[in-house]
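See below for the structure under consideration.
The values are calculated or read from the model by the stated rules, or taken from the named source; none is laboratory data. If you're wondering where the values come from, they're calculated on a predicted model, not measured in any experiment. FYI the Cβ positions are ideal-geometry reconstructions off the backbone, even for glycines, and counts take in every protein chain you see. Note: areas computed on protein heavy atoms with side chains; ligands, DNA, RNA excluded. Shrake-Rupley method; radii C 1.70, N 1.55, O 1.52, S 1.80 Å.
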Amino acid sequence: MIDPKIIREKTEIVYESMINRGAPFDSGKLLDVDEKRRKLIQESEKMKNEKNELSNEIAKLRKSGVDTSLKIEDMRALGKDIETLEQDLRSAEQEWENMVLLIPNIPHYSVPVGKGDEDNKVVKVWGEKPVFDFEPLAHWDIGEKLDILDFKRAAKITGSRFTLYKSFGALLERALINFMLDLHTREHGYIEVLPPFMVNRESMTNTGQLPKFEEELFKLEGIDYFLIPTAEVPVTNIHSNEILKEDELPIKYVAYTPCFRKEAGAHGKDTRGLTRQHQFNKVELVKFALPENSYDELEGLLLDAEDVLKKLNIHYRVSALCTGDMGFSSSKTYDIEVWLPGQNIYREISSCSNFGSFQARRAKIRYRKGTGKTEFAHTLNGSGLAIGRTVMAVMENYQTQDGSISVPDVLRPYMHNMAKFPG
């Protein structure tokens, strides 16, 4: 949620930011509702003060033996007026909140202006594209040839865009999860957590998935719970409605969870293989930071995510997303895009974002400064990494001419020390 003070006092900045994001923004209507809300607050406070003064006056008159029946009637009438006013105020507050919750975050000044992914800016490239002396296959062909990815039986069990991992495929998925968790906890200083895989409506609203994106979520029938689309939701909400200590920040969490997304692969896009699934595994990095340090913390989070691919020795690039391609809650985002030789394409494997105070304001995540004053913390997160997409990156980059898959050195301790599959 954007600071209401910024909306009120720097409306032109918000308006320009929304144009750059391609997001509709009716500043006139929003400010009218805000003005109505603030007037009702002032009027309510004024009438409550009048009621208190009248109550004190009645108490004094009673001590003097004066008849107070008319004054009591006046106070009752004033109480009814206050009740009506507060109903109007609740309605105005709800109208204001409903409008503000649909406004995306303001992009950081360093974010490139653009309309879509074609305007994203490549800021870093690591490693070299592998050279094969044969035509490399896409991971779905490799997986079916080796019988380690079974898309047909998964479709029978559930439906399209699900995968049954078998043998080496299941082992590789599990190995990558454990490798990433060990890397981020032992070398990067994150605290491992295992959160619930279902969250309530408030938690989804706090991180920005609701109310705008409810159609993309899996909701449980008969209870207002949702399957998580990412560990960002439960992990960010660990500190909702809390006041942290200034010297505690930054707090760094890492979590493995499955993720569930209804609209994956919409309109026939990326329907083959592991690219877009309704259910997939991910290791997520989440930070709570001081406002003055949060963009430095974003650079550090990006490096932590990159380190996974460096240790796997897989070529990738990093892009700074433009204003029109960023997520709803983000103020700045980097995408790590891994090279997939079997598809001759770069594919996003991690998004690393700083949300500023946007999520913290919704979730009421604050910290107390040395002066005693409280401020909203900044929240950040990034995939460290998406497991299914890392599986396909390993399969495509480590495939061999004889049809086997070499195992990256860092994964061998997690995979019974095998050097390749089939061995």
Worksheet item: Roughly speaking, what is the centre-to-centre gap between the stretch 33-99 and the stretch 209-247 when only Cα atoms are used, to the nearest Å?
Response: 37 Å
Worksheet item: In nm, what is the difference between 0.36 nm times the number of residues separating Glu246 and Lys369 and their Cα-Cα distance?
Response: 43.7 nm
Practice prompt. May I ask you to derive the relative contact order of the stretch 53-206, considering only C-alpha pairs under 8 Å and at least 6 residues apart, and to give it as an integer percent?
Written response: 8 percent
Discussion item. Per residue, how much accessible surface does the stretch 199-295 expose to a 1.4 Å probe? Answer in Å², no decimals.
Written reply: 44 Å²
Worksheet item: Just Met392, Met47, Met326 to compare: in a GNM of the chain, with alpha carbon springs under 10 Å, which one fluctuates most?
Response: Met47
Worksheet item: What percent does the relative contact order of the stretch 1-96 come to when contacts are Cα pairs within less than 8 Å and at least six residues apart?
Response: 34 percent
Fill in: Over 22 Å [Cα-Cα, the stretch 2-79], rounded percent
52 percent
Response to the item:
Sorting Ser55, Gln277, Ile103 by the position of each Cα along the dipole of the chain (Lys, Arg +1; Asp, Glu -1; all at Cβ), the one nearest the positive end of that ordering is Ser55
Worksheet item: In the stretch 176-291, what is the count of Lys pairs whose alpha carbons are under 20 Å apart, counting only pairs at least 8 residues apart or on separate chains?
Response: 7
Practice prompt. Roll a 1.4 Å probe over the protein chains and send me the accessible area per residue for the stretch 368-418 in Å².
Written response: 38 Å²
Worksheet item: Rounded if a/c is under 1.5, else prolate if a/b is larger than b/c, else oblate: which is the stretch 214-311, with a ≥ b ≥ c the root eigenvalues of its Cα gyration tensor?
Response: oblate
Worksheet item: Whats the longest run of the chain with zero GluC sites (Glu not before Pro) that are DSSP loop and have at most 14 other Cβ atoms within 10 Å?
Response: 264-423
Worksheet item: If you average the sequence gap of Cα pairs under 8 Å that are 6 or more apart and divide by the length of the chain, what percent do you get for the contact order?
Response: 20 percent
Discussion item. Which residue fluctuates most in the GNM of the chain (Cα springs below 10 Å): Asp119, Asp74, Asp325?
Written reply: Asp74
Response to the item:
For Cα Rg over 2.2 N^0.38 Å, with candidates (1) 1.06; (2) 1.23; (3) 1.01, the value calculated from the shown model is option (2)
Fill in: FRET efficiency, Lys129 to Glu216 (Cβ-Cβ, R0 30 Å, nearest 0.05)
0.35
Worksheet item: By how many nm would the segment from Asn293 to Leu78 grow when fully extended, if each residue of separation counts as 0.36 nm and the alpha-carbon distance is taken off?
Response: 72.4 nm
Fill in: Most fluctuating residue given options Ile177, Ile148, Ile387, as computed from a GNM of the chain linking Cα atoms under 10 Å
Ile148
Worksheet entry | Accessible area of the chain belonging to carbon and sulfur atoms, whole % at 1.4 Å probe | 48 percent
Worksheet, complete the sentence: Scoring only Lys, Arg, Asp and Glu (+1, +1, -1, -1) among other residues with Cβ under 12 Å from the Cβ of Ile405 yields 0
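Among the helices of the chain (complete DSSP H runs), which have Cα atoms covering no less than 27 Å along the helix axis and a Kyte-Doolittle mean of at least -1.0? All intermediate terms of the calculation are to be shown ahead of the outcome.
Values: long enough: 27-63 (54 Å, -1.45); 69-100 (46 Å, -0.83); 294-312 (28 Å, -0.13).
Result, helices passing both filters: 69-100, 294-312.
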